[in-house]
Amino acid sequence: MNKEVIVVTAAYGAQTVAQLGGQLALLETIKAGKADGVEIRQELLLASDKLTTINNALKAKQLTAVYSVPDTLFQNSTPISSQKMKTYLEDAKQLDARLLKLSLGELPDNYDLTEIINLLNSYPVQLVIENDQTEVGGHIEPLQRFFAEVTAKKMPIKMAFDMANWAWQGEDALSAAQYFAPLVAYIHVKACQSKAGKIVAVSLDDSDGSWKPVLQALPTNVPRGIEFPLVSDDLCAITEHYVSLLKAI
């Protein structure tokens with residue numbers, strides 16, 4: 001099976017993205033690297049960016065889109081406002097994004113997502129919730145509780161599984177992969193290691209290889225997003241190197 005590989009624009013680093021002229025300027029590199037799609041990051045959009053312009057460029061290059069917003073489904077122990085969610089869904093729609101990615105936030109004991117579910121059902125975008133690096137959104141247990149509720153109530157929500165983020169909260173990535181695999185609709189491929197007492201993301205070739213069994217425990221029929229650092233004098237070459245690797249493994 002030929003795996004689908006997405007390049008997360010943030011993998012090139014915020015400074016590089018800005019220096020090159022924004023995410024729109026990277027699409028040529030990503031296409032030349034033989035990727036299938038792009039994860040557009042809200043936080044890296046320029047004031048001058050128009051989502052419809054980015055969408056047109058994506059279509060011209062036959063690249064699919066994922067839209068990532070640095071926000072959470074739960075805020076101050078209550079669900080995100082329907083107005084805010086509608087804004088994100090509208091933005092994702094302008095990009096023709098198939099996935100909208102948020103983090104969990106602080107999961108309350110009791111909550112009502114009826115308004116959010118009704119909104120989700122009216123848009124052609126799949127909401128995915130990512131395990132992030134925070135205390136509230138980076139542990140296995142609250143995500144287990146949340147997705148148990150999602151499954152029981154048949155909510156239209158899936159998981160974006162970040163392979164390395166678990167390390168920031170001391171969780172075991174392989175155990176998480178084995179548990180959450182049936183719920184995963186998108187994978188952030190990433191490796192990490194400890195440097196000077198801090199956990200940092202590293203490229204796959206610079207890692208200890210522990211990412212491989214984690215990836216192998218996850219579904220092969222969902223997009224794999226490159227989110228580890230892509231740093232090189234030749235961005236096309238390094239992109240193609242890792243796209244080819246992830247398509248083959």
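The values are calculated or read from the model by the stated rules, or taken from the named source; none is laboratory data. It should be emphasised that the depicted structure is a prediction, and the values quoted were computed from it without experimental measurement. The area values use the complete protein model at the heavy-atom level, side chains included, leaving out ligands, DNA and RNA. Shrake-Rupley method; radii C 1.70, N 1.55, O 1.52, S 1.80 Å.
Note on the chain: with neighbouring protein chains present and a 1.4 Å probe, carbon and sulfur make up 49 percent of its accessible heavy-atom surface. Translational diffusion coefficient of the stretch 72-205 (Stokes-Einstein, Kirkwood radius from Cα pairs, 25 °C, 0.890 mPa s): 158 µm²/s.
3J(HN,Hα) along the stretch 77-86, derived from phi through the Karplus expression 6.51 cos²θ - 1.76 cosθ + 1.60 where θ = phi - 60°, amounts to 6, 10, x, 3, 5, 5, 5, 5, 4, 4 Hz, with x in place of Gly and Pro.
The number of Lys pairs in the stretch 74-181 with C-alpha atoms less than 19 Å apart, excluding pairs fewer than 8 positions apart on the same chain, is 8. What does DSSP give for the stretch 1-149 in terms of the percent of beta bridges that are antiparallel, rounded to the nearest 5? Around 10 percent antiparallel, to the nearest 5.
Across the stretch 182-249, the convex hull enclosing all Cα atoms gives 96 Å³ per residue.
Computed with the Debye formula from one identical point scatterer per Cα of the stretch 52-98, without solvent, the log10 of I(q)/I(0) at q = 0.13 Å⁻¹ comes to -0.36.
Think of a 1.4 Å ball rolled over the protein heavy atoms: the chain then has 45 Å² of accessible area per residue.
By the rule of a C-alpha distance below 19 Å, with chain neighbours fewer than 8 residues away ignored, no lysines are paired with K195. Counting only aspartates and glutamates at least 8 places from K212 when in the same chain, those with an alpha carbon closer than 16 Å to its own are D162, D172, E227.
DSSP beta bridges confined to the chain are antiparallel in about 20 percent of cases. Relative contact order of the chain, taken over Cα pairs closer than 8 Å and 6 or more residues apart, is 22 percent.
A cut-off of 5 Å between modelled amide H atoms, ignoring neighbours fewer than 5 places along the same chain, links A65 with V38, R98.
The equivalent ellipsoid of the stretch 52-146 has semi-axes of 27, 15, 10 Å, largest first, where each one is the square root of 5 times an eigenvalue of the Cα gyration tensor.
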